[in-house]
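The values are calculated or read from the model by the stated rules, or taken from the named source; none is laboratory data. Computed from a prediction, not measured in an experiment: that's the story for all the values here. Note: ideal-geometry Cβ built from the backbone for every residue, glycine included; neighbour counts use all protein chains shown. In case anyone asks, the SASA skips ligands and DNA or RNA and just uses the protein heavy atoms, side chains included. Shrake-Rupley method; radii C 1.70, N 1.55, O 1.52, S 1.80 Å.
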Amino acid sequence: MMTPAHIAFAVLTLPLASAAFTAFFLRRRGRTAAAVSVGVAGLVTAGALYLAFRGGRFEITKEWFSLGSLTVCFGFQFDDLAALMLVIVGIVGFCVHVFSLGYMSDDAAKGRYFGGLSIFLFSMIGIVLADNLFMIFVFWELVGFSSWLLINHWHERPSASAAAKKAFIVNRVGDLGFLLGIAMCFWTRGTINLSDLAVQTSSGHAAYSRAIPLLLFCGAVGKSAQLPLQVWLPDAMEGPTPVSALIHAATMVAAGIYMLCRIQVLMVPEALTVIMWVGVATALYAALCAVVQRDIKKVLAYSTLSQLGYMVAAFGLGSTEAIDETGRIVLVAAGVGAAMFHLTTHAFFKALLFLGSGSVIHACHHEQDIFRMGGLAGRMRLTFVTFTIGVAAIAGMPFLAGFFSKDAILALAYENNRAAFSVLVLTAVLTAFYMVRVWKLVFLGEPRSDAVIRAHEGPFSIRFSLVVLAALAVVGGYYRSYPRAFSGVITLIPEAPEPVHRIVLAASLAVLVLGAGAALAFYRCDEEDTLRVRAPGLFKALLALNLAFDRSYDYYIEKIQQRFAMLLNFVDRLGIAGLVRAVGEAVGVVGLGAQALQTGRLSAYVYWFLAGLVILWAFATGLL
């Protein structure tokens, strides 16, 4: 009989086996590769649901290798946090696999695509189950590799190749800090095992206590695309739309939030404050950028950035001091519950929105400009209904998933930091504004291109995924009502006092009405871009804000880094290499002189011998 640990190991290794089998035998058999990959994704989802609801909680570890005092183990830590994340990865991953059957049906490299999905699923599950920081880092890098592979699927396009390289390089910048944080954690605490870290009191010196969580947070800044490393995520939309749903909306980018919740025991108030403001700034910045996007996937990409900022801010906001059973003061990051709550609901409604956009793009023959769409509500009724549910959920419509999780974050912000609360409320207004803008321009009005006139619903695989995710976007916010499976996370979701609850509820409803109403009233379906026509100054300012980081990085690389590299090259050639060559030339000159002395005549050698004796005598007598 299989134990829960055996099932967990099977859930981890089945996608790896699928990827290996595809690579060796099915690279030119796309349909078979797709069937194998989808079947494995279904088994993984079934295993995840069984482990979450029936498998119990367990920890298991085996020694992997030792380097001096460092012992690295390969193990699983399956608690309520891991169970919740595993269910999210399994369900969203399975829906994306099924959706891809229809979306990628005519792709010539279908086998490579589904093999890449399997590698990603293996890597993401490894992060979820890992019981130590080193194992998390290994799978963290595998997720980065699989992301590069899938973004670069259409590698014949220069834009896709450039986007994949950009995502890979930017993430390595954050991962350098992550690796340094792991090294410092072992150096100061003597362990990188999550369970061992949870029972320790501190890392010694206060500077190390602040540096470790901030260095580890660098990994989340890269993977979850927070300021200033957010530049890779919008460009990553060059990959196939199902990839955008799986990696860049629901799972990979959420890995940074999950990792923060895993290392909550390492947090100190100063680090949480920095984390909170990074999240708040990212949420507002991305929302402002989303307002001027024309590409439907770029709008959703910046929306993802903004919602990830919400999660990061929630994690940093919920810090309180408490006394544990031993009498020592510990920091309880109450934001873990709020952050994971929003991560859960966001995974469902954002995957729904991305797959809904994929359905639209597939029907409109890969047209992605929202100003060339319109009138799709009557031609794609199912996509219209499900996309509307996704828009309502992210905008905070009452009784949908996003309403509950966003209110939990706003209540936390209202109690702990009114400035952050104000910024997050403004961000929520912008979210409702730009999402209703997309909804109106895509589905209402008259068709604005021939591609829209010929649009129709996709095959069953596309419609199936939309229906499943739409249902989860409706009921996902109620999972806290069933604490049996995820009580360890649900109990961390803060309960706001009644006065605070009323204030936040009123603010949420006002946000929804203001943002959605402004979009419906402001945008006209018969104009090229209403904002650019009616408010050109604001449009240019938001566009400049959108491009500011890319231009800054381009300037740094071209004007500073490249010139500094040229200076170092000059110093190397003229200084270091020149000195080495000068020494070599001097030795050569000495050698030539010595060679000239070798005449082969005995009388000459006698004269040189006598001259040497005279010189030595002069030194000995002090004459020289």
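Things to note:
- Selection of region 101-114 for residues being open to solvent by less than 10 Å² (accessible area, probe 1.4 Å), assigned to a helix (DSSP H, G or I) and either among the polar types (S, T, N, Q) or touching a helix residue (DSSP H, G or I) at 6+ places or on another chain (Cβ under 6 Å) (or both) yields 102, 111, 114.
- Of all residues in region 341-374 being in a loop (DSSP other than H, G, I, E, B), open to solvent by less than 20 Å² (accessible area, probe 1.4 Å) and under 14 Å from residue 438 (Cα atoms), the one that is modelled with the lowest pLDDT: 374
- Against the list (1) open to solvent by less than 10 Å² (accessible area, probe 1.4 Å); (2) more than 30 Å from residue 98 (Cβ to Cβ); (3) among the small types (Gly, Ala, Ser), the condition residue 209 fails is (1).
- Residue match in region 237-245 (condition: within 30 Å of residue 464 (Cβ to Cβ), open to solvent by 30 Å² or more (accessible area, probe 1.4 Å), in contact (Cβ under 8 Å) with a residue 12 or more places away in the chain and of a type in the set (Asp, Glu)): yes
- Selected residue (only one of 401, 419, 377 is out of contact with any Lys or Arg (no Cβ under 9 Å at 6 or more places or on another chain), buried (at least 22 other Cβ atoms within 10 Å of the Cβ) and among the small types (Gly, Ala, Ser)): 401
- 1 or more residues over 25 Å from residue 490 (Cβ atoms): qualifying helices (runs of 4 or more DSSP H) within region 243-322: 269-290, 296-317
- Residue 434, sole failed condition from (1) crowded, with 20+ Cβ neighbours inside 10 Å; (2) over 23 Å from the mean Cα position of the chain (by Cα): (2)
- Failed item, numbered, when residue 415 is tested on (1) farther than 22 Å from residue 376 by Cβ; (2) at pLDDT 95 or above; (3) more than 25 Å from the chain's Cα centre (by Cα): (2)
Here's the yes/no breakdown for (1) of a type in the set (Asp, Glu); (2) open to solvent by 90 Å² or more (accessible area, probe 1.4 Å); (3) in contact with a Leu (Cβ under 6 Å, 6 or more places away or on another chain):
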{"residue": "558", "(1), (2), (3)": "yes, yes, no"}
{"residue": "564", "(1), (2), (3)": "no, yes, no"}
{"residue": "570", "(1), (2), (3)": "no, yes, no"}
{"residue": "582", "(1), (2), (3)": "no, no, no"}
{"residue": "594", "(1), (2), (3)": "no, no, no"}
{"residue": "611", "(1), (2), (3)": "no, no, no"}
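- All positions within region 4-60 that are in a loop (DSSP other than H, G, I, E, B), free of Cβ contacts under 8 Å to residues at least 60 places away in the same chain and open to solvent by less than 60 Å² (accessible area, probe 1.4 Å): 55, 56
- Every residue from region 511-544 that is touching an Asp or Glu at 6+ places or on another chain (Cβ under 8 Å) and of a type outside the set (A, V, I, L, M): 525, 526, 539
- Selected residue (only one of 190, 174, 239 is of a type outside the set (D, E, K, R) and closer than 24 Å to residue 16 by Cβ): 239
- If you go through region 192-212 and keep only what is within 22 Å of residue 255 (Cβ to Cβ) and either modelled with pLDDT of 95 or more or touching a Cys at 6+ places or on another chain (Cβ under 9 Å) (or both), you end up with 192, 193, 197, 212.
- Residues that are open to solvent by less than 80 Å² (accessible area, probe 1.4 Å) and touching a residue at least 60 places away in the same chain (Cβ under 8 Å), drawn from region 61-77: 61, 70, 72, 73, 74, 75, 76, 77
- Flag for residue 458 being in a loop (DSSP other than H, G, I, E, B), small (Gly, Ala, Ser) and either at pLDDT below 95 or touching a Ser or Thr at 6+ places or on another chain (Cβ under 8 Å) (or both): yes
- Condition met for residue 144 (assigned to a helix (DSSP H, G or I), at pLDDT below 95 and either touching a strand residue (DSSP E or B) at 6+ places or on another chain (Cβ under 7 Å) or over 21 Å from residue 224 (Cα atoms) (or both)): no
- Residue selected from region 284-319 under the condition hydrophobic (A, V, I, L, M, F, W, C) and closer than 16 Å to residue 251 by Cα, by the criterion surrounded by the fewest Cβ atoms within 10 Å (Cβ to Cβ): 305
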